[in-house]
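Read the structure below first, then the notes.
Every number here is computed from the coordinates shown, using simple stated rules; none is lab data. None of these values were measured; they are calculated from a predicted model. Don't worry about glycine lacking a Cβ; one is built from the backbone with ideal geometry, like all the others, and counts go over all protein chains shown.
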């Protein structure tokens, strides 16, 4: 089971529906206003890109690896992949006036 981490403006991620991050703010921060996620098939090398209203990719800087984030129930949620992903989440949270919090209430 993957470990989920959340970006929220609520005191706790479980209260995000009562104090949600506005989707419009997230879209405004998306690169080129796009909301899509890409993945590469490790066997064939094929890249699959999915556009959805609630999924986004961000990187720390241009040319750096991108990480997938999903908007749900007033918060941005992602499954832990690496510490670099946490750095991206913290930079995004700073722009939103939010916190980065794990499932067990720990703050990053």
Cβ density ranking, 10 Å radius, fewest first, applied to 50, 86 yields 50, 86
Extension length gain for residue 79 and residue 95 (0.36 nm per residue less Cα distance), in nm, is 3.7 nm
Extension length gain for residue 87 and residue 46 (0.36 nm per residue less Cα distance), in nm, is 12.0 nm
Among 47, 62, 88, the residue with the largest mean-square fluctuation in a Gaussian network model of the chain built from Cα contacts under 10 Å is 47
Between residue 53 and residue 17, the FRET efficiency computed from the C-beta separation at R0 = 25 Å comes out, to the nearest 0.05, as 0.90
Whole-Å distance linking the alpha carbon centroid of segment 1-31 with that of segment 87-105 is 8
Nearest-0.05 FRET efficiency for residue 61 and residue 107 at R0 = 25 Å, using Cβ-Cβ distance, is 0.55
The chain: spread of alpha-carbon positions along the three principal axes, whole Å, largest first, is 43, 29, 23
If one compares the long axis through the Cα atoms of helix 83-96 with the longest principal axis of the Cα atoms of the chain, the angle in degrees, nearest 10, works out at 50
